[in-house]
1. Residues that are closer than 19 Å to residue B:122 by Cα: find the helices (runs of 4 or more DSSP H) completely inside chain A holding 2 or more of those.
2. What's the number of the only condition in (1) in a helix (DSSP H, G or I); (2) within 17 Å of residue B:182 (Cβ to Cβ); (3) at pLDDT 95 or above that residue B:101 fails to meet?
3. Considering (1) small (Gly, Ala, Ser); (2) under 30 Å from residue A:88 (Cα atoms); (3) open to solvent by 40 Å² or more (accessible area, probe 1.4 Å); (4) modelled with pLDDT of 75 or more, say which one residue B:75 fails and leave the rest.
4. Pull out all pairs, ordered by first then second residue, where Cβ-Cβ is under 8 Å, the residues are six or more apart or on different chains, the first lies in segment B:26-54 and is among the basic types (Lys, Arg), and the second is part of a helix (DSSP H, G or I).
5. Which residues, counting only those in segment A:38-50, are over 13 Å from residue B:30 (Cβ atoms) and open to solvent by 20 Å² or more (accessible area, probe 1.4 Å)?
6. So residue B:106 fits all but one of (1) in contact (Cβ under 8 Å) with a residue 40 or more places away in the chain; (2) in contact with a Ser or Thr (Cβ under 7 Å, 6 or more places away or on another chain); (3) more than 8 Å from chain A (Cβ to nearest Cβ); what number is the exception?
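The values are calculated or read from the model by the stated rules, or taken from the named source; none is laboratory data. Computed from a predicted model, the values in this text were never measured in an experiment. All Cβ positions, glycine included, derive from the backbone under ideal geometry; neighbour counts span all protein chains shown. Side chains are part of the model used for accessible areas, which takes the heavy atoms of the whole protein and leaves out ligands, DNA and RNA. Shrake-Rupley method; radii C 1.70, N 1.55, O 1.52, S 1.80 Å.
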Amino acid sequence: MDLALFAITLLSGIIIGKRKLLPERIIDKSDKLLNIVIYTLILLIGIEIGNYREVLTSLGNIGIKSVTIALLSTILSAHFTKMLYERRKRN
Amino acid sequence: MNLKPLLILTTGVIVGYLNLIPESLIQLNSKAIKAALFALFIAIGMDMGKDDKLWESLKELKGSVIYIALTGLMGSLMGGALASLLVNIPLSTSVASAAGSGYYSITTLMLKEVGGPEQALIGFISNLLRELMVIVGMPFIAKIWGKAGAVAAAGATAMDTALPFIVKSVGKEVGILSFASGVILTLLVPFLVPTLYKILSTLLP
């Protein structure tokens, strides 16, 4: 459900930008707008995390395991993709 | 490196932890996040729409989307398996958590269903951390692993929370590629996490 809404929102933005449906002054500032929204979002996500007290206080044993999973899955994901992507491009 | 995101996030965590905001407002927070995400999408869309060069580069990227999403997922699974060996986590919990690809809400729910509270907690923290690492570390990730690697590292978050950071570090031309890759993973995660957990916990109890 959210997924469809996100796709529609993104598409609306693209159409607004492409067809210049809003005043040029506003469209030209879309990157500044982007920064403001990004930082608002980070603040809100932070508040949400801060509210999960159990998670913040039990960051012992489970924490170490989770950090390892997060680190290795992120790194191998990036690395494996880069490796195969470059090989594919060369062929 | 831009430290602003980390500083703002830390401020948010402290505010949330110290209950500086009334309970009634906190309950609005997840709605506010959703509203902010929609605003973000309009802004990203406008930023992409006004750039004509972007549309030419999109044609070149089309075939790459599924490829990047799937190689990224395979890398995640390998990372999960390796983590299981290194820090003594059951393979099922570790690989299923890694398959979550940063989509922590669904991963947590699924692992609670098929596993238990501890599995759910590991799934939650590891995927939340993945999202945070990707957001905070994106300039670094993009420098080492390039655009494909950056999109892969972001996993399912490449379509929403990590999207602006990827666009900022790698360039506007990956916006659509990133979104599409994130969508593919977001659709796969709800099925993959419980399936992998069940298969692996049956094979290796």
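1. A:30-51, A:53-57, A:61-90
2. (1)
3. (3)
4. Once the first residue is among the basic types (Lys, Arg) and sits in segment B:26-54, its partners that are part of a helix (DSSP H, G or I) give B:34/A:2; B:50/A:17; B:50/A:18; B:50/A:27; B:50/A:28; B:50/A:30; B:53/B:173.
5. Result: A:39, A:40, A:43.
6. The failed condition is (2).
Residues are listed down the side, and each one gets a yes or a no for (1) within 11 Å of another protein chain (Cβ to nearest Cβ); (2) open to solvent by 10 Å² or more (accessible area, probe 1.4 Å); (3) over 20 Å from residue A:35 (Cα atoms):
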{"site": "B:123", "(1), (2), (3)": "yes, no, yes"}
{"site": "B:169", "(1), (2), (3)": "no, yes, no"}
{"site": "B:182", "(1), (2), (3)": "yes, no, yes"}
{"site": "B:196", "(1), (2), (3)": "no, yes, yes"}
{"site": "B:200", "(1), (2), (3)": "no, yes, yes"}
